[in-house]
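Reading through the structure tokens given below for one structure.
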Amino acid sequence: MPVRMDDGRVEVFTGWRVHHDTTRGPGKGGIRFHPTVDAAEVTALAADMTFKCAIADLPFGGAKGGVRCDPTSLSLAELERLTRRYTLEVSPLLGPETDIPAPDVNTDGRVMAWLMDTLSMIRGVGDAGTR
């Protein structure tokens, strides 16, 4: 995902959103921003979420997301642009009937608000739901 940095250069980040299993319901799982996150870790954590939800008898499947980055080295504006770009890229996967993301390592309510705002703009609705 290309993101314009404050100094004008473009940095490319790698991110993932994995659905392990959605048999019991929409995927449920956090999004982490961490310098060492990779596809294998996100996939394993999505599987963990499948089992956690099943054990707790929750009507959700397992999902997980991640972006390889060091959020402590990003300005607030860079973090927002990265979050919005990630959301744009994974937006076809997200929604109340398919995948419900949540905060995880190095993400918080502010990151989730940017995610929801971006989904709302993409879909042209006020609540980021589907039309």
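The values are calculated or read from the model by the stated rules, or taken from the named source; none is laboratory data. Everything numeric in this text was worked out from a predicted model, so none of it was measured. Glycine gets a Cβ as well: all are built from the backbone with ideal geometry, and neighbour counts include every protein chain shown. Each accessible area value is taken on the protein alone, full model and side chains, heavy atoms only, with ligands, DNA and RNA left out. Shrake-Rupley method; radii C 1.70, N 1.55, O 1.52, S 1.80 Å.
Brief remarks follow.
- For segment 7-13, putting each phi into the Karplus relation 6.51 cos²θ - 1.76 cosθ + 1.60 with θ = phi - 60° gives couplings of 7, x, 6, 10, 10, 9, 10 Hz, in residue order, rounded to whole numbers and with x for Gly and Pro.
- Each residue of segment 89-103 was assigned a 3J(HN,Hα) from its phi angle through the Karplus expression (A = 6.51, B = -1.76, C = 1.60, θ = phi - 60°), giving 5, 9, 3, x, 7, 8, x, x, 9, 10, 6, 10, x, 8, x Hz with x at Gly and Pro.
- Rounded to the nearest 20, the Cβ-based charge dipole of segment 6-121 about its Cα centre (Lys and Arg +1, Asp and Glu -1) stands at 160 debye.
- Annotation: amide H of residue 62 within the under-5 Å range of 20, 21, 28, 50, sequence separation 5 or more or interchain, hydrogens built in the peptide plane.
- Other residues lying with their Cβ under 10 Å from the Cβ of residue 49 contribute a combined charge of +1, Lys and Arg counting +1, Asp and Glu -1.
- DSSP beta bridges in the chain [antiparallel fraction, %, rounded to 5]: 50 percent
- Taking the accessible area of the chain, probe 1.4 Å, and keeping the other protein chains in place, the carbon and sulfur fraction comes to 57%.
- Listed residue (72, 94, 121) projecting farthest to the positive dipole end of segment 25-131, Cβ model: 121
- Degrees between helix 39-55 axis and first principal axis of the chain (Cα, 0 to 90, nearest 10): 40 degrees
- Charge dipole of segment 56-131 (Cα centre as origin; +1 on each Lys and Arg Cβ, -1 on each Asp and Glu Cβ, all else neutral): 240 debye, rounded to the nearest 20.
- Scattering curve values for segment 66-118, log₁₀ I(q)/I(0), Debye with Cα scatterers, q = 0.27, 0.31 Å⁻¹: -1.23, -1.52
- Under 14 Å from the residue 6 label point (7 Å along Cα→beta-carbon), backbone N, segment 39-78: 71-78
- Answer label for semi-axes √(5λ) of the Cα gyration tensor in Å (calculated), chosen among [x] 23, 16, 15; [y] 27, 18, 12; [z] 25, 18, 11: [z]
- Largest accessible area first, the residues 52, 64, 28 order themselves as 52, 28, 64 under a 1.4 Å probe with ligands, DNA and RNA left out.
- The angle between the Cα long axis of helix 109-123 and the longest principal axis of the Cα atoms of the chain comes to about 90 degrees, rounded to the nearest 10.
- Amide H contacts of residue 13: 3, each under 5 Å away and 5 or more positions distant or on a separate chain (H built 1.01 Å from N in the peptide plane; Pro and chain starts excluded).
- Computed over the Cα atoms of segment 9-55, the ratio of the radius of gyration to the Kirkwood radius (Rg/Rh) comes to 1.07.
- DSSP-defined beta bridges in segment 1-64 - what % are antiparallel, rounded to 5: 75 percent
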